[in-house]
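The values are calculated or read from the model by the stated rules, or taken from the named source; none is laboratory data. Note that this is a predicted model, so its numbers are computed, not measured. For neighbour counting, all protein chains shown are included, and Cβ atoms are generated from backbone atoms with ideal geometry for every residue, glycine included.
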Amino acid sequence: MSETDQPIPRFLARYIAALGIQARVAAEDTPDGLRLNIDGDEAELLVRHRGEPLKALQHVADIAFGRDLRDEKRVFVDALGYRRGKDTELRQMARLLAEKAKQSGLDQQLGPLNPYERRLVHLAVAEVPGVTTESVGDAFSKTVLISSRR
């Protein structure tokens, strides 16, 4: 079965075409789930304004193809590798702040972050011994508090 025969990439290709964006959708299976990368000259429109259009497209994909809560696999929507780069930066920042919290004993904050970004931070900090994380706030975008274990 080719990528365009799969329901999610086919949906995404049709959706971005309906938005008037000429781009290609490539699917890649990863250990975390299906990663869909949108490329082409007009894909740049999705990464403008700090990736807000891309975040909205991710939300549409999540709603259209909601996952079973028992299934840890997710669908990741990216454009021109933008999200992959931002994810790497966020993980590096989380580890840096975890080391700072560990060395100084002072809590560090990162955010506000959406649920996906908070998950990345929690997983990255979990790799650093002697620190812990906690999401703080009551809205969709919460702050992650990174603390040394006492």
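Do we have any residue at all in the range 6-21 that's closer than 25 Å to LYS142 by Cβ, small (Gly, Ala, Ser) and at pLDDT below 95?
no
Of the conditions (1) of a type outside the set (Gly, Ala, Ser); (2) in contact (Cβ under 8 Å) with a residue 60 or more places away in the chain; (3) assigned to a loop (DSSP other than H, G, I, E, B), VAL75 clears all except one; give me its number.
Going through the list (1) of a type outside the set (Gly, Ala, Ser); (2) in contact (Cβ under 8 Å) with a residue 60 or more places away in the chain; (3) assigned to a loop (DSSP other than H, G, I, E, B), VAL75 breaks only (3).
Looking only at the range 15-56, which residues are touching a helix residue (DSSP H, G or I) at 6+ places or on another chain (Cβ under 8 Å) and over 11 Å from ALA79 (Cα atoms)?
Of everything in the range 15-56, those that are touching a helix residue (DSSP H, G or I) at 6+ places or on another chain (Cβ under 8 Å) and over 11 Å from ALA79 (Cα atoms) turn out to be TYR15, ILE16, ILE21, GLN22, ALA27, LEU34.
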